[in-house]
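Nothing in this text is a laboratory measurement; each read-out follows from the coordinates by a stated rule. Just so it is clear, the model here is predicted, and its values are computed rather than measured. Here the Cβ is made from the backbone with ideal geometry for all residues, glycine too, and neighbour counts use every protein chain on show.
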């Protein structure tokens, strides 16, 4: 009996071997790989434990406890699962937990999806809904399984409840077949009286990004759902208001939105700024860019809140908010300069009116003046109107200066955060976002240059001289408005140089066009040199005749680049483009 016990205790299990090793080096040099001796765990056990962790995660708001629960979920993702005879509900439950936590074991998920593909015809409608809703979060919306599940759901939509239809509607993406989107929207439109205002916003959001033919067919049916959301806009959350505003702009009749309706949406959004989050703020700023007056009001209302949220923005959200503030700052600075010019003109007119000499008796000029100079009553009314206009100009100039100071303060804070983001090694800024930053500053310089050109052409200066020097002066004015612009463009230039080899031909030409506007004062010459070098070595044999002609015209218009860059383009790259004509 003791002999049998000794044999049982001396079994070389992985835990026993790990316990007996004197060091990790000795364990690493061990001849046997004890990790491979792990037995597969039935999937039902793993699914049950994952669901329990997910429920505990939902119940708590404590950061540290949630962190521990994420680690516990990660432990279960590393387990080797036994899928033999596993119920489809357990497999879908594991996928739902993976989509909920946002990370998963790729091999485990791939094995489960492959097994579900074989069991697809035996899945019930509720299982199809659960599988369809979690696949986009698993980044499998372009797979064959996703299309098969969507096809199976088309025939099952009439049997779904309103809540299940809402789940499917919320999970629809650009890759979703149009038949499923059309069927779900029709089902929800027939039961719109069962929807809450927030659920109506979800339906309108899906309809606004649906395929063109689906939107046209569902326009009349969506009017009732859209009206329910607009009637109860004060009851919606900030995120729902931002989504509704964006969806109404994204639809075909977005240009027909009245200014009063847009102002009502913005006021409902800003009724309690403490409830706004970075994502909803970025959405509302992106949607409000179409209206210049509303964007100015929004930037003034959200100034303090934007500075508070600046450290929580993602790079894309920060760029969306920063774009609107820079555009508002530039336009308001131009308006302030115009108001100062008008105020100076009014003051000069008032001085001339008050200093006009009285005619002398017996003078010939006095006889002529008596026929031209108005009566004393008219003179008093004219001076009163001039004084009123002067006061109005002073008031407008003070308000513009106050708003301009607020916008400059916010832009300085956002510029500092943008510099921190670009300098960070952990923040990812895509190449498209980098080009948006360069384009933002280039458009600001163009707006300032246009204003300077108009003011110069209205005076005695020559138009050609004004156009020749306005670009450099506009860049200097922008640097005075936003002193950190130079640092931002330097960091963006470094990132663009690193990605120059993988950039497309259109992006390289666009970069040269922006450099033609900004000049060497802001944009580093190294990025222009790298772009020209990449163009010279790029193969352009696949260009069509129309594309080659358009490319040649765009490159020939780059007259503000350095002479060396223009010479290299005209001698080494443009001849290659002409061969494609």
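How do 207, 104 line up, fewest other C-beta atoms within 10 Å first?
Fewest to most other Cβ atoms nearby, the residues stand as 104, 207.
So, R0 is 35 Å and r is the distance between the beta-carbons of residue 425 and residue 194; what FRET efficiency does that work out to, to 0.05?
Efficiency at R0 = 35 Å is approximately 0.10.
May I ask you to sort 222, 500 by Cβ crowding, counting other Cβ atoms within 10 Å and putting the fewest first? Write out the running numbers ahead of the final one.
Values: 222 22, 500 17.
Arranged by neighbour count, lowest to highest, 222, 500 become 500, 222.
Tell me, 573, 308 in order of fewest to most beta-carbon neighbours within 10 Å?
Fewest-to-most Cβ neighbours within 10 Å comes out as 308, 573.
If I model a spin label at residue 72 and residue 398 as a point 7 Å from the Cα along the Cα→Cβ vector, what separation in nanometres do I get?
6.3 nm
Pulled fully out, how much extra length does the chain show between residue 487 and residue 446, if you take 0.36 nm times their separation in residues and subtract their Cα-Cα distance?
Gain in length upon complete extension: 12.8 nm.
Given points 7 Å out from each Cα along the Cα-Cβ axis, report the residue 300 to residue 526 separation in nanometres with one decimal.
4.3 nm
Extending each Cα 7 Å along its Cβ direction at residue 567 and residue 106, get the distance between those two points in nm, one decimal.
5.0 nm
How are the alpha carbon pair distances in the range 207-303 distributed across 5 Å bins from zero to the largest one, expressed in percent?
2, 13, 25, 25, 18, 11, 4, 2, 0
With r defined as the distance between the Cβ atoms of residue 61 and residue 578 and R0 fixed at 60 Å, what FRET efficiency is calculated, to the nearest 0.05?
Once the sixth-power term is evaluated, E becomes 0.35.
How much length would be gained if the chain were fully extended between residue 118 and residue 409, taking 0.36 nm per residue of separation minus their Cα-Cα distance, in nm to one decimal? List each step's numbers first, then the result.
Working: separation 291, 0.36 × 291 = 104.76 nm, distance 6.01 nm.
Full extension of this stretch gives 98.8 nm more.
Set the Förster distance to 22 Å, then compute FRET efficiency between residue 316 and residue 505 from the Cβ-Cβ distance, nearest 0.05.
The pair residue 316/residue 505 has a calculated efficiency of 0.35.
For residue 231 and residue 186, calculate 0.36 nm times their separation in residues minus their Cα-Cα distance, and state this gained length in nm to one decimal. Please report the intermediate quantities before stating the final value.
Values: separation 45, 0.36 × 45 = 16.20 nm, distance 2.15 nm.
In short, 14.1 nm is gained.
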